[in-house]
Structure formats: structure tokens, C-alpha cells
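A.B. asks: Please read through the structure below; I'll follow up with questions.
FYI, it's all coordinate maths here, none of it is from the lab. What you see is a predicted model; the values in this text were computed from it and never measured. Cβ placement follows ideal geometry from the backbone for every residue including glycine, while neighbour counts extend to all protein chains displayed.
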């Protein structure tokens, strides 16, 4: 890295050659869509695993493992709040994309930071929730339903954490160099996807008794 | 090349960035070598990457072949003591995993990488650095997986690794840990590659190259990439759960703690059945290129060839449980999957008939490539027919876990997939390396191989029906298996000889070429698709001018019209329609260290997970350094590759994917162009980043990408 301080360039160009690719969708964006399609099946597999295991081990004598269920420990109001926070981060992400489309890099940075803070709050809530569960005696290996619960929500949390890192990186990057407007939009696709997946997880894991 | 395509519609104006900001990054200078051994480690050229895929997977073919020879030698006579039961378990497991994930898939990826851009008229894939990343991730993952031999023994649960045998109780060595983590790592590589090639086919086609003008090989490879995109996350889930069971004490597959071994079977085969089409469809594509060329006829029923490929791709998702007929899953499931399995034979049969109709009435030249393709059609038909017998559940119950199954899947995967890949090697070898493989040795190779193959796997049908169980390390004198087993072993050695003939062919042809170089010319076979329009070996920039496509079999139609009877009539000399390969001002993506750096982190994390988490630390550092180095590096080095002034004119306003970037004398202007490319680099790097960064957090997640 050089220490040349650079003026951020606050201009965005919208060239005419939108159809530079065969489909008219740019390569990075199409790649992100394809990857997100792939990720759907990752979460699909994990959600199925949780649904299969959520009441196990049941009342079958002789099976090892604790009888405690994650669902008995759910704090629905608390998780609803963190879910709300995560959903609001989609709003701030939209505002960030909107700002960069309006060539307003300052606002874009503001909203990117806001999105990452909201994402971090959600993660904090998840860590708190996990810690509470462990305090109640529900560890990762307590029983198979606990393992399925932690694997599913933990992997979603990992996706959120990666998203937060990318948001912060994009913000810092935009201060040093020009940030491609579409990179922000593509990042937004990832972020919205992670939020939507959480809606599904929250509904299926937390709300369905 | 990909610079202009990578440039997204929205980009910042620029011009005020000092080049030095763009140029240096940390300790590395941008690699410059484009020739010599060092260039291979940093290349982002799809052709070099394809060649490396090819050589590496051929090496693993030798490894897996050696394991096969061990198996057959052990089974040659009853009560043999060459391998212990434990070692035998490891050898057949490693043989299976090696042949599937380290040979057939990457060998198909070699052809896909090399040919896909050429066949659609592009200068490279959509993301050249991601392409290099998938190669290195796969190769290092493959090496990682094989180091298990030296670190406590290989995996020993069969390639499908059913629970509870995959648990720590029944497999206490680290073999299955290497299986789980190794496949997760290779899954990252395959996913990156699948996303990349999917986008390439959708987005990078030359002007006029509509989907229904694409060569059948491109179509089949495209279907394979889509299958990979959706199948890999499923095996990733299964492997994450297995890793959690083995390393972190979870009980997902432990029935004594409420876990369900069935879950593994379902997840594995939901991946595993599309996987068999992932392995066979590229070879179908190769045969669909070879057979029309050597029959001098267009492929019969092109839309049906494409349509049946798509149908196989879709229906391949609905038949997975036919691998589990003997598991007791209930009559309704068995019936449904039995029916679906019978139906999926239909599109495959369409393909077989279309190949035969292509040959019918054609002027056939039986070159080695053609022989292998015809061999594929014949051998795959045998394998397909025994496959239909498995669709009948009562019959399948008899055949499950016998050598009949082994015979079936070797007929489709060896007689089908591998024969097709060898056909492709003989067909495209002059295009790739600029010299022919010797036809006489090639025919020896073919006839020895098909003879050895049938001697090895033909008798297994009988052995299986007589009740010889697979995965059993020996048999006794009185079981009546002696004769056919000896025949099968002799056949296996014949296959080994045929492989030696092939290697001797490569060496001898290369030596003759060095002593007396004769260029085969752009179009040695009088072929049909765009890759034959460029010189052999393919120039680094692929096309001087991106061709404008007007028809299916574009190159053929530039050479031949037809008379009233529909017979081909030459309308242009080949020399007049091929390209010269002399363009010098084509702007190509610059080589990069970062894909290799990033990939090198993953096996270290793997060792860390298995042995000691501290070892994962350097891996994670490499990974993160790789990601950020990658993002901060422009996809094209602004200070490289300029200033060749050549008058060769380019059709600059192709207006499509592979438009050229004209050389620019203005350095600032150049920097801005590259910066725009860099912006795309950010976005594209966003794509692998979730995979990589989360893999550093916990390698399980990474496998999903």
C-alpha cells in the first residue's frame, strides 16, 4: 500500500453499453445470482435436517442424549426483535444502493456502515441467545436436535458475519479507491438473500411449534 | 479478452488515480511471466488451466488405476493375502473417490475449461482468476485427500461412506476425516468453477451465438455446471454433518442417540445421482462432436440432443432413491423412484439412437477418436441396459451390493465417461498441443482397452448374479468364483497395458514432433465448430476477430454449402476461412499469485481441523491475505501488455462479450480502464469471499460455495 492519500471520487458513470454481455446482466451480478441459487440448497438441506431432528431423541427408551429442546428455551420476543433488526438492515442496504446510484458516495458509506452495525447487532443477539441456551444446559452435543439447531443457525450466522465483513471492507475500500456501483448492488443481493433466509428460518424453526 | 466483459454497466469515471497505487500490493509484485514453468503457477489463461486440469487428473488416473490393480490382484485367486481386510477397505474406497472426484470430474473440467470459451467464441471465461482458483483449490484438495495414506490410512467406508460405518466407532483412523474435509475443499473449487462456467456460457457468447446454435459439447457442459451448482451444496450439508459427528461430537448419524443414518443416504444420493450425470454428460458432449465430424454429417436431431440432455439434467434429481431400494424405505417410495428411473432411460436412449442416426449413411472415418466415441455408444448401451434392470426394485434387491452393480457402473463410467474423455483427447490433441497422437498406437490403445475393459467388467455381471458380494476382500475356494475372477484380473492388467500404450504414444508423438515439427493446421479433421477456426495450438488470445455466428456448426457452414440432394459442396477453402492467429494487441488478463495463495490456505485449515486447530491459523492467514490481495489487485496489470502496435484490424464494435480492448497510448486512460475492470474484480471477488472467509471461520461453511 502506498501512503498517497487519495481523494474519493464521487462520480458515477452510467455508460450506454448495458448490453455488453449476452444476457444484458453483468457477469458479477449473474455469478452472485447463481451462487445464491446454490446457497438455497445448502440452507434447504440444513432446514430439512433440523425438521427431521427437532423432536429427537423422543420418548424412545435407551437412546442417549438430553431431553432438553431448543424450542423449549426460545425467547420469541427477543428473537423477534433481533429478526426485526436484521430486516431493517435490508432497508439500509437498499438505501446504500440507492445512494450509490445517485452518485452520493458519502451517503452510501453512511448506509453501508448502518447496515453492518445492524448486522453486527443481530450477530450479538445470536451469540447472547446461544450463551443463554448453553447456560440452560443445551450444548452443541447435548442431543441431536440441539446439534441440528446450532448447525443451521450457526451457519446462517456465519453468512451474516461474512456479509458484515464485506460491508466494512467495501466501506473502507470506497475511502481509498473508487468503488464500483454495481459491486455495492451485488453485495446488496447477498445481504438481502441472507435476510430472506433468516425469515424462513425464523418462521420454520422459531414460530412453528 | 475478458476485460471488457467484466466491466459492468455501472462504473465510475476515473482517470485521477496514480498508477503506483494500483500497481503494488504488499510483498508481491505482479507476476509477469507468460512463458516458462513459473507462468503456469500464476496463469489465468483458460487454456493453460485446462491443460493443468488434464495432466493432474491423468496423474490421479494412474494413482486410482494402481489402486484398481491392487484390488484385482487381491481378488485374482481365492484366499489371497496380498491385502488385509482393513487395507482392502481403504484401497477400494480411495479408488472410488479418486476416480470420481480426482479423475472423471476434473478431466471433464479440463475439456470444459479449454473448449467452452473457444466453442462460444469468447477470449476467456467470465472470471479468469476464479478459474485459476478453482484449479488450485481442487488440486491442493486432491493432494490433501491423498496425503491420508501417509497420515494414518485412507478412508475406508466406500465412496458413499454410509453411516454408521463412517462414524468414529467403526472407522477410528483419520481416513474419513480426510474424506469429509477433502471433499469439502474440492467442493469449493467445483462450485467456484461451476458458477464461473455457467456465467461464461450465459454471458460470453459471440454475436449471433444463440443458445440453440451452441455445439452439443457446450450444451452438455453447461447442463453439468448447472447440476453442480445445485448438487454440491447438498453433499456439503452431508459432509458438514459428518464432520460435526466425527470431530465435534455431534450424533447426526448415530442411531443410538436419535440420529438417523438414513439422512446421510438421502443427502448423499440427492447429490450422488446428479453426480453420475455430471460425470457422463461431458463425454456425451464429446461424442456428439466427434461422431458428426468423422461421419461428415451434422448431428442428427440437434434439438433432441440438447433437449434430452436437459431432460436428463432435470430427471436426474428425481431418481436418487433407486440407490436405496434395499434400505426399507417403504413401497410407495420404491414404486415412485422405480418408475422415475425407468423414465430416465428414455432421453438417454434418444441420445444413443441419434448418434447411430448420425453415423447412418455418413462417410465414416474410423480414427482413434471415432473408435473411442463408438466404443462409448456401445459400452454405455450395455451399462444403460443393466441400469434399467436395477430400476425394477425386486430385481435390484437381488443385485444390491453384488458385483453386478460394480459391472453396471463401470460400464457407464469407464465404458461411457472415460472412453468419451479418451476420444476427446485424440480429437483435440492437435488443437491443444499442435501435433497429432500416433493413430496406429492409438488404435492399439483402443483395442487393448476395450478388450481389457470387457474382460474385466463383463464377468462381473455373472459373478454378481452368482452372489459374489462387492467390498469383500476375498472369497473362498468352494464358492465357484475362481474362474471369472481370474479373467477379470487378466482384463485389468490389459487395461493397464493399454494405458501404458497411451503414455508411450504421447511421449513418442511428442518426440517425433520435436524432431520433425509438422503443424496439423487449424482444422486437421475437417471439423464443424468454432475452435477449429483458430491455429493449432490455440494462440493465447484465441480469436483474432471474434466471429459473428450465423448458424449451428458455424465453421462447417463457412466451408461448405450443399447441392440439391443436400450433399455438402465446398464453397470456400479452409485456409480462407480460418484465422491466422497473428493479432498482437489483444488485451489479456494479467497473471496473478492470489488464486494460489488463497487456495493454499484451505488444506492447512483442513489439517488444522483434523489434527490441531492451531495449524489452521497459518491457513486462515493465507486465506484472508489471498482474499484481500485479490480484491485489491486490478484484474489486469496496467503496466503490462501495452504498446504492441500492430495494424491488424479488429472489429471493435462486435458489441458483445468478447469485444477487444484497443491499445491505448495514454497511460492515465489505461489506468482508468483497468480501474473499471478492477471494480468488476471487487464484485467478482465478493463472490468467492463468503466461501473463503467463512471457511476460515469454520471450514464447514466454506464447502458450500
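A.B. asks: What is the distance in Å between the Cα centres of segment A:69-93 and segment B:185-233?
C.D. replies: 37 Å
A.B. asks: Given bins 10 angstrom wide, list per bin the percent of all Cα-Cα distances in segment A:163-206, short to long.
C.D. replies: So the P(r) values, bin by bin, are 26, 41, 21, 10, 1.
A.B. asks: Sum -39500 (n - 2.57) across every DSSP H segment of at least 4 residues in chain A, then divide by the residue count to get the 222 nm mean residue ellipticity, nearest 500.
C.D. replies: Details: 6 runs with 142 residues, N = 209.
Using -39500 (n - 2.57) per qualifying helix, the result is -24000 deg cm²/dmol.
A.B. asks: OK, next. Quick one: Cα centre-to-centre distance for segment B:505-546 and segment B:75-97, in angstrom?
C.D. replies: Cα centres, segment B:505-546 to segment B:75-97: 43 Å.
A.B. asks: Which ordering of A:90, B:536, B:327 is given by a fewest-first count of other beta-carbon atoms within 10 Å? Could the numbers behind the result be given before it?
C.D. replies: Working: A:90 20, B:536 23, B:327 16.
Exposure proxy ranking, most exposed first: B:327, A:90, B:536.
A.B. asks: Based on the alpha carbon coordinates of segment A:114-191, what radius of gyration and maximum Cα-Cα distance (Dmax) apply, in Å?
C.D. replies: Over segment A:114-191's Cα set, Rg and Dmax evaluate to 16.2, 50 Å.
A.B. asks: Still on this model: Taking only the alpha-carbon atoms of segment B:536-615, what semi-axes of the equivalent ellipsoid follow from 5 times the gyration tensor eigenvalues under a square root, in whole Å, largest first? Show your work: numbers first, answer last.
C.D. replies: Values: eigenvalues 498, 70, 16 Å².
Each semi-axis is √(5λ); the values are 50, 19, 9 Å.
A.B. asks: Still on this structure: Rg to Rh for segment B:30-78: what is it, with Cα atoms only and Rh by Kirkwood? Write down the numbers at each step before the final one.
C.D. replies: Details: Rg = 17.8 Å, Rh = 13.3 Å.
Radius of gyration over Kirkwood radius for segment B:30-78 works out to 1.34.
A.B. asks: If you average the C-alpha positions of segment B:326-401 and of segment B:417-473 separately, how far apart do those two centres end up, in angstrom?
C.D. replies: 18 Å
A.B. asks: At q = 0.04, 0.07 Å⁻¹, what base-10 log of I(q)/I(0) does the Debye formula yield for the protein assembly as shown when every alpha carbon is treated as an equal point scatterer in vacuo?
C.D. replies: Summing over Cα pairs of the protein assembly as shown leads to -0.18, -0.57.
A.B. asks: Something else now. Would you kindly calculate the translational diffusion coefficient of chain B, applying Stokes-Einstein with the Kirkwood radius from alpha carbon pairs, for 20 °C and a viscosity of 1.002 mPa s, and quote it in µm² s⁻¹ without decimals?
C.D. replies: Values: Rh = 26.4 Å.
Approximately 81 µm²/s, per Stokes-Einstein.
A.B. asks: With a/c under 1.5 counting as rounded, go ahead and sort segment B:311-398 into rounded, prolate or oblate using the C-alpha gyration tensor (a ≥ b ≥ c being the square roots of the eigenvalues; past the cut-off, prolate if a/b is larger than b/c, else oblate).
C.D. replies: Working: a/c = 3.54, a/b = 2.55, b/c = 1.39.
Taking the square roots of the gyration eigenvalues as a ≥ b ≥ c, segment B:311-398 is prolate.
A.B. asks: Is the C-alpha gyration tensor of segment B:449-597 telling us rounded, prolate or oblate? Criteria: a/c under 1.5 is rounded; beyond that, a/b larger than b/c is prolate, otherwise oblate. Walk me through the numbers on the way to the answer.
C.D. replies: On the way: a/c = 2.75, a/b = 2.01, b/c = 1.37.
Judged from the Cα gyration tensor, segment B:449-597 comes out prolate (a/c at least 1.5, a/b above b/c).
A.B. asks: Divide the volume of the convex hull of the Cα atoms of segment B:51-165 by its number of residues and quote the answer in cubic angstrom per residue.
C.D. replies: Details: hull volume 14.2 nm³, N = 115.
Output value, Cα hull per residue: 123 Å³.
A.B. asks: How large are Rg and Dmax for segment A:72-207 when only the alpha carbon atoms are used, in Å?
C.D. replies: Just the Cα atoms of segment A:72-207 yield Rg and Dmax of 16.4, 52 Å.
A.B. asks: At a 10 Å Cβ-Cβ cut-off, how would you order B:563, A:195, fewest neighbours first?
C.D. replies: Numbers: B:563 8, A:195 21.
By the 10 Å Cβ count, ascending, the order reads B:563, A:195.
A.B. asks: Please report the equivalent ellipsoid semi-axes of segment B:133-258, computed as sqrt(5 x eigenvalue) of the Cα gyration tensor, largest first, in whole Å. Mind dumping the intermediate values first?
C.D. replies: Values: eigenvalues 263, 50, 23 Å².
Sorted largest first and rounded, they come to 36, 16, 11 Å.
A.B. asks: Fewest to most neighbouring Cβ within 10 Å: what's the order for B:633, A:129, A:72? Intermediate results must be reported in sequence, preceding the final value.
C.D. replies: Values: B:633 24, A:129 19, A:72 10.
Listed from fewest to most nearby Cβ atoms, that is A:72, A:129, B:633.
A.B. asks: Got the relative contact order for segment A:57-209 handy, in percent, Cα pairs under 8 Å and 6 or more residues apart?
C.D. replies: On the way: 141 pairs, mean separation 49.5, N = 153.
The normalised contact order for segment A:57-209 reaches 32 percent.
A.B. asks: Now for a different question. Could you work out the helix-only [θ] at 222 nm for chain B, with each DSSP H run of four or more residues adding -39,500 (n - 2.57) and the total divided by the number of residues, to the nearest 500 deg cm²/dmol?
C.D. replies: On the way: 25 runs with 429 residues, N = 705.
The helix-only estimate for chain B comes to -20500 deg cm²/dmol at 222 nm.
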